[in-house]
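Nothing in this text is a laboratory measurement; each read-out follows from the coordinates by a stated rule. Remember, predicted model here, so these are calculated numbers, not experimental data. Glycine gets a Cβ as well: all are built from the backbone with ideal geometry, and neighbour counts include every protein chain shown.
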Amino acid sequence: MSDVKLYSGETLPLEMHKVRIVQKLNLIPIEQRYAAITAAGNNTFLLKNRDVFLDMLTDSGVNAMSDQQQAAMMIADDSYAGSETFYRLEAKIEELFGMPYFLPAHQGRACESIIAQVFVRPETIVPTNYHFTTTKAHITLNGGTVEEIFCDDALEVTSDKPFKGDIDLAKLQTLIERHGAGKIAFLRIEAGTNLIGGQPVSLANMRAVSEVCRAHDILFVLDASLLADNLYFNKTREAACRDMDLRRITREIAGLCDLIYFSARKLGCARGGGICMHREDLYKQIRDKIVLYEGFLTYGGMSVREIEAIRVGLDETMDMDMISQGPQFIRFMVEEMAARGIPAITPPGGLGAHIDARAFLSHLSQAEYPAGALAAALYLVSGVRGMERGTLSEQRHPDGSERFADMELLRLALPRRVFTMSQVKYAVDRIAWLYEHRTLVGGLRFTEEPSVLRFFFGRLTPTSAWQEALIERFRVDLGDSL
Ligand SMILES: Cc1ncc(COP(=O)(O)O)c(C=O)c1O
């Protein structure tokens, strides 16, 4: 994509694919969107897809599949035990990661649950570059604690640091000295850190962390769900990777880890997951749990059709044309927003564009859930569904007090190969309108608050009649536009 030079001098993320299957979309009027978001308890997770225009909630399970993936699904070998389809995926995993042991699971959090059950004991610690919601929930459910050891500038909203997902090695050393390596259940690196703006981890950092882990006999676990984006940034931002092809970078990364798990709803553009290992002893420790909770060892809760699609999807992840589409669209969106003064995370990362809700709605306190309010407001004025990644996505402290998130983000995911440039421009236009009228946006408060992963199905209400005020202004400025 980046090799194409336009005569106009403009930089345009040019799609290296064509669209061959389409899905019709609905854009309902703002008054109906108001009814929909109210019925959803102002939680974008609870909206019905029929009421959503551009679904930027997540890339999970909604990336576009390729023709090759769809074709492969037709040759899936359907059997409970010993499916050829499974052995084809196992061989692909060994080819790409150099890991001969593979256990299938139905999605990423299933891998997390099983890894936590096997390795986390009460009062053990899991150091990580940054937690993910479901990862942390499973670690704490098993009595462990997550310790984030990101570099000090990882949470700076605007930055030119290329690898904000790196682990701070000095913090890792201090942690080991303070608690002893025996207290560490495993060290976890998340490629393309989801909750801090899709920021990548450098190969150099993974190498240094791996050395420390080996010296102290600490298990090194990689969450590779967002590896595709991470590989793109290794290749384009890390001098040492510039002359390596993607297969080589992947092999190098995998060679540093003891265990890799992934959500194939993200990595591989299908639906499923799995755990990959070099060592047979680890495989034997984990395998019983797969059979208990997921399914037999040759399907792990997945449809064989999805397993075929994952195999092809993983192979296609080794193609720069494929993995660059997401990050390049995201960069385009972030730059378009920056040109309009809209605060977004920089450098642009993977997964989606991330708006800094704290700066966008600087008149709101964190107790009013600014990122959640911004998600509800954006849906109202555009039909675009984003996801809150801030305090709502945290769990309260044991004493019931609020745990304020490090960052208040509205994530606008760009599932790979799904949206067109004009749809991205529409989203930016409505965000710009909302930014102009940001002082109209008020906060939210809970009416129903689940105790676990409350962001998924909690219900909230506006703290004032701010949504009616937004609708009124929308009609003044945009007339009868949808
Ligand atoms: C980094 C990371 N790890 C794990 C998961 C969990 O995967 P799944 O949604 O397949 O359970 C996700 C999902 O978004 C993720 O982004």
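Return LEU6, LEU187 ranked ascending by Cβ neighbour count within 10 Å, so the fewest neighbours appear first. Each step should come with its number before you reach the end.
On the way: LEU6 9, LEU187 29.
Ascending Cβ contact count within 10 Å gives the list LEU6, LEU187.
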Take the Cα atoms of segment 67-316, find their three principal axes, and give me the spread along each one in whole Å, biggest first.
50, 42, 29
Quick one: Debye curve from the alpha-carbon atoms of the chain only, equal weights, vacuum; give me log10 I(q)/I(0) at q = 0.07, 0.11, 0.13 Å⁻¹ to two decimals.
-0.36, -0.91, -1.28
How much length is gained on full extension from GLU472 to VAL452, taking 0.36 nm per residue of separation minus their Cα-Cα distance?
3.6 nm
Within the chain, helix-based [θ] at 222 nm, where runs of 4 or more DSSP H residues each add -39,500 (n - 2.57), nearest 500:
-12500 deg cm²/dmol
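May I ask you to derive the FRET efficiency for ASP153 and MET74 from their Cβ-Cβ distance with R0 = 41 Å, giving the value to the nearest 0.05?
After rounding to 0.05, the efficiency reads 0.25.
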Could you let me know the centre-to-centre spacing of segment 111-158 and segment 418-482, using Cα atoms, in angstrom?
31 Å
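On full extension of the chain, what length is gained from ALA91 through THR174, given 0.36 nm per residue of separation minus the C-alpha to C-alpha distance?
Values: separation 83, 0.36 × 83 = 29.88 nm, distance 3.97 nm.
Working it through step by step, the gained length comes to 25.9 nm.
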Using the Karplus curve 6.51 cos²θ - 1.76 cosθ + 1.60 with θ = phi - 60°, work out ³J(HN,Hα) for each residue of segment 180-187 in order, rounded to whole Hz, and write x for Gly and Pro.
x, 4, x, 7, 8, 5, 6, 9
Starting from the Cα-Cα distance between GLN366 and GLN423, subtract it from 0.36 nm times their residue separation and give me the gain in nm to one decimal.
17.5 nm
Each label point is 7 Å from the Cα along the Cα-to-Cβ direction; what then is the distance between the points at ARG247 and ALA204, in nm?
2.7 nm
How large is ³J(HN,Hα) for each residue in segment 112-125, as worked out from phi by the Karplus curve 6.51 cos²θ - 1.76 cosθ + 1.60 (θ = phi - 60°), to whole Hz, x for Gly and Pro?
5, 4, 6, 4, 5, 4, 7, 10, 8, 10, x, 6, 8, 10
Assuming R0 = 25 Å, can you tell me the calculated FRET efficiency for the pair GLU84 and PHE296, based on Cβ-Cβ distance, to the nearest 0.05?
0.95
What are the ³J(HN,Hα) values, in whole Hz, obtained from phi via the Karplus relation 6.51 cos²θ - 1.76 cosθ + 1.60 with θ = phi - 60°, for each residue of segment 260-270 in sequence order, with x given for Gly and Pro?
10, 10, 8, 8, 7, 6, 10, 6, x, 6, 9
On a 0 to 90° scale, report how tilted helix 246-256 is relative to the longest principal axis of the chain, with both axes built from alpha carbons and the result rounded to the nearest 10.
60 degrees
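Using Cα-Cα distances under 8 Å and only pairs 6 or more residues apart, what relative contact order does the chain have, in percent?
The normalised contact order for the chain reaches 22 percent.
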Which of TYR426, TYR261 has the fewest Cβ neighbours within 10 Å, and the rest in rising order:
TYR426, TYR261
Relative to the first principal axis of the alpha-carbon coordinates of the chain, what is the inclination of helix 304-316, with its axis defined by its Cα atoms, in degrees from 0 to 90 and to the nearest 10?
90 degrees
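Given Cβ point charges of +1 (Lys, Arg) and -1 (Asp, Glu) and nothing else, what value in debye, to the nearest 20, does the dipole of the chain about its Cα centre take?
Details: 53 positive and 63 negative charges, 111 e Å.
About 540 debye.
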Compute the distance in nm between two label points, each set 7 Å from the Cα along the Cα-to-Cβ direction, one at LYS183 and one at THR11.
4.6 nm
As a footprinting exposure proxy, order HIS179, HIS397, HIS106 by other Cβ within 10 Å, with the fewest listed first.
HIS397, HIS179, HIS106
Distance in Å, no decimals, from the C-alpha centre of segment 279-330 to the one of segment 2-71 is 24 Å
